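Values quoted throughout were computed directly from the atomic coordinates according to the rules given, and no laboratory measurement underlies them. Keep in mind the model is a prediction, meaning the values are calculated, not measured. Cβ atoms come from the backbone with ideal geometry, glycine included; neighbour counts cover every protein chain shown.
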Amino acid sequence: MADNMPDKLWGEIEGIFKQILEHPFLRGLTDGSLDQESFRFYVVQDSLYLREYARTLAICAAKAPDDESIQMFAEHAAGAIAVERGLHNSFFDDFGLSVEEVRTTQMGPTTLAYTSYLLAAAGRGSFSEALGAVLPCYWIYWEVGKVLAEHGSPNPLYQRWIDTYGGDEFAAIVRSVLELTERVGKRLSSDEEVKVTEHFVTTSRYEWMFWDGCWRREQWPV
């Protein structure tokens, strides 16, 4: 039973987060040096990812223990699709990509592995396990957005991305999930806490891998 589950979880990934911030993909967003082909690759893969993340959030809603949590995750699932249609579609226009072209693009190896893990963790595990699995995508993006917002970017395309995740609207969404995590953490047994932490650390690693795969424009080797 954790007195402050979010703090305990974050303590497990401080090293991972440091490596995320130091990754050339994110450094390239702030100094403008990121190859736009890598950002294009990211936008497409992130759109494919968000579709499956929305499915995972819908599972969280189905397993949620109370009305408030059901509503929150149902709204967040719909919101993930809205982000895809809004922010990503504007990027698609910038790159001359059609929605159909994006939807028929094959998931990269990391995108498929990450989303498969999310769906399996949420589908097979308890609500708390599902929460642990989806939390890094919320929390790490918020923390990254705050850090990058302090620096900004000389590239308007990249600045638009930074403004989305470094803004107040996204901050409010993440805070609501962290508050729920703290409440849930107080009720967990030691064994349940171990499982939640394992999922949280694993998907945090996948966050680093996702940015790295997009930076490299990762392809299937065979």
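A few notes on this one:
- Shown here is the pair-distance distribution of the stretch 5-216: with all Cα-Cα distances grouped in 10 Å bins from zero up to the longest one, the shares run 8, 35, 39, 16, 2, 0 percent.
- Subtracting the Cα-Cα distance of residue 93 and residue 18 from their residue separation scaled by 0.36 nm leaves 23.7 nm.
- Here the calculated FRET efficiency for residue 216 and residue 186, from their Cβ-Cβ distance with R0 = 25 Å, stands at 0.05, rounded to the nearest 0.05.
- Distance (nanometres) between label positions extended 7 Å along Cα→Cβ at residue 101 and residue 4: 4.8
- Put a plus charge on the Cβ of each Lys and Arg, a minus charge on the Cβ of each Asp and Glu, and nothing anywhere else: the dipole of the chain about its Cα centre is then about 400 debye.
- Phi-derived couplings, Karplus 6.51 cos²θ - 1.76 cosθ + 1.60 at θ = phi - 60°, listed residue by residue for the stretch 44-60: 5, 5, 5, 5, 5, 5, 4, 4, 6, 5, 4, 4, 5, 5, 5, 5, 4 Hz, with x used for Gly and Pro.
- Long-range lysine pairs (8 or more apart or interchain), the stretch 5-216, Cα under 19 Å: 7
- Rg/Rh (Cα only; Kirkwood hydrodynamic radius) as it applies to the stretch 23-121: 1.04
- Length-normalised contact order of the stretch 5-216 in % [C-alpha pairs under 8 Å, at least 6 apart]: 33
- Fully extending the segment from residue 150 to residue 179, taken as 0.36 nm per residue of separation minus the present Cα-Cα distance, adds 7.9 nm.
- Reducing the stretch 146-222 and the stretch 2-51 to their Cα centroids gives an inter-centroid distance of 7 Å.
- Model label sites at residue 36 and residue 160, defined 7 Å from Cα along the beta-carbon direction, differ in position by 1.1 nm.
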